[in-house]
Amino acid sequence: MFADYSPRIPLRLILVTIFGVFVSLASASNSDLGPRLEQQLPLVPDVQKEVGFDPHFLEERGLRESRETVHFISDCMHVASEPGHYVYKSPSNDQTACGVYFLTDPDRLVELHFTSFDVPCDRGGLVSFVDGWELNGEVFPSAADHPLSLDERLSEFCERRVRKVFLSSQNAALIQYKIPQKGRGFSVMVRFPKNPNPCNILVDSLSDLFTLRNYGRRVNCTLSAMYPAVVRVIALGVGIGSPRGANREMETGTVHQCDKRGLQDHVQIGGSDGLDSTNLLLLDSICGVNSKPEGIENVMGCGVTSVRLVSSGLFDNSVTVAVRPATENDIIDANLICGV
Ligand SMILES: *[C@@H]1O[C@H](CO)[C@@H](O)[C@H](O)[C@H]1NC(C)=O
């Protein structure tokens, strides 16, 4: 979708990569706290060493002083969730397009600032910033759920300098790059500032509770987990009754198939094979006020599991869900199977 150099990394690979990372995180002892996704990924030591401490490459903007927070990008598909400096130096003249996939906490954004940049345009070198993740031509958040157009979400550049500071609209962002000239590359400083009103969320952990909220706005917000998952609704306050929460203490219970009943404000629960949530295969569409839902487990056998809050702007909506990866046993009784 974003031009022809976009990495063709099979979704299955990224799912396995991310899932593997989550599994190793989950089994890690409590002493190494914190989601250190990036450390769990296999790094290639030789490449690290080679790009490592080349003084010319690291000399700008005090990189040398903060060496401990320098991360060397060595895998073509690199998932990163730590702040700091990221350095890439092309190991060959290879034309392959690659990506650094940044993922942080649901209530944070990704901020990027290139501190050095040496990507000659002439032999097809190109770097792009994507506001979201892109895989196999599909993007998260989907075009329908993002405040900016696809064009505005993509910035491409080559040559010597990139002055702009890039800020994502959600907890996921991507740098795609193709640098077919050995020794050339870039370094980028990454921070994760707080997001006061999170809307779209790419799940960054294995099992957790997540809340989607519209803050009274006319906006659609999607939560996606890149694995087959079991979703349980923990609390629901979406649509129905009098707008703006006048009577929000009144429990209506969970109403099902709300989209078919023509209720604009509702929560879609479903899945898809790729990152785009525009055409979710829907398991249910719920609305109502229920502070103690029955805890029904929705088992979705799809590569990507999504919960999408659709809001008209007339209500303050919120939904809290528990998401965990589906086990093989869960999948046998899946309520929804994609790709059949
Ligand atoms: C939200 O999604 C619904 C249905 O999927 C659509 O009709 C509506 O236009 C969307 N709203 C916004 C603000 O994009």
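Listed by first and then second residue, the pairs linking a residue in the stretch 149-173 that is outside the structural domain of Gly132 (by TED's automatic domain parsing) to a residue that is not in a loop (DSSP other than H, G, I, E, B), with Cβ atoms under 8 Å apart and 6 or more places separating them unless they lie on different chains, form an empty list.
For the stretch 291-340, the set of residues classified as in a loop (DSSP other than H, G, I, E, B) and within 16 Å of the ligand (Cβ to nearest atom) consists of Ser311, Ser312, Gly313, Leu314, Phe315, Asp316, Asn317, listed by residue number.
Scan Ser155, Ser90, Ser81 and give me the residue that is buried (at least 21 other Cβ atoms within 10 Å of the Cβ), within 30 Å of Cys221 (Cα to Cα) and either in contact with a helix residue (DSSP H, G or I) (Cβ under 6 Å, 6 or more places away or on another chain) or not acidic (Asp, Glu) (or both).
Going through Ser155, Ser90, Ser81 in turn, the sole match is Ser81.
Val267 meets each of the listed conditions (1) out of contact with any Cys (no Cβ under 8 Å at 6 or more places or on another chain); (2) surrounded by 19 or more Cβ atoms within 10 Å (Cβ to Cβ); (3) farther than 16 Å from Pro228 by Cα apart from (1).
In this structure, Asp107 qualifies as among the acidic types (Asp, Glu), surrounded by fewer than 23 Cβ atoms within 10 Å (Cβ to Cβ) and outside the structural domain of Val319 (by TED's automatic domain parsing). From the list Gly237, Gly253, Gly270, Gly288, the one residue that fits, being outside any strand (DSSP E or B) and small (Gly, Ala, Ser), is Gly253.
Okay, residues lined up against (1) at pLDDT below 95; (2) touching a strand residue (DSSP E or B) at 6+ places or on another chain (Cβ under 9 Å):
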{"site": "Pro193", "(1), (2)": "no, yes"}
{"site": "Asp204", "(1), (2)": "yes, yes"}
{"site": "Thr211", "(1), (2)": "no, yes"}
{"site": "Arg244", "(1), (2)": "yes, no"}
{"site": "Met250", "(1), (2)": "yes, yes"}
{"site": "Ile269", "(1), (2)": "no, yes"}
{"site": "Thr278", "(1), (2)": "yes, yes"}
{"site": "Cys287", "(1), (2)": "no, yes"}
{"site": "Gly295", "(1), (2)": "yes, yes"}
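The single condition among (1) touching a helix residue (DSSP H, G or I) at 6+ places or on another chain (Cβ under 6 Å); (2) within 15 Å of the ligand (Cβ to nearest atom); (3) not assigned by TED's automatic domain parsing to the domain that holds Tyr88 that Val230 does not satisfy is (2).
Every residue, every condition in (1) under 17 Å from Ile201 (Cβ atoms); (2) hydroxyl-bearing (Ser, Thr, Tyr), yes or no:
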residue: Asn136; (1), (2): no, no
residue: Ala144; (1), (2): yes, no
residue: Leu150; (1), (2): no, no
residue: Ser168; (1), (2): yes, yes
residue: Ala172; (1), (2): yes, no
residue: Lys178; (1), (2): no, no
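Within the stretch 119-126, does at least one residue satisfy the condition of being out of contact with any His (no Cβ under 6 Å at 6 or more places or on another chain) and under 21 Å from His71 (Cα atoms)? Yes, the stretch 119-126 has at least one match.
The values are calculated or read from the model by the stated rules, or taken from the named source; none is laboratory data. From a predicted model like this one, the values you see are computed outputs, not experimental measurements. With ideal geometry, Cβ positions are generated from the backbone for all residues, glycine too; neighbour counts draw on all protein chains shown.
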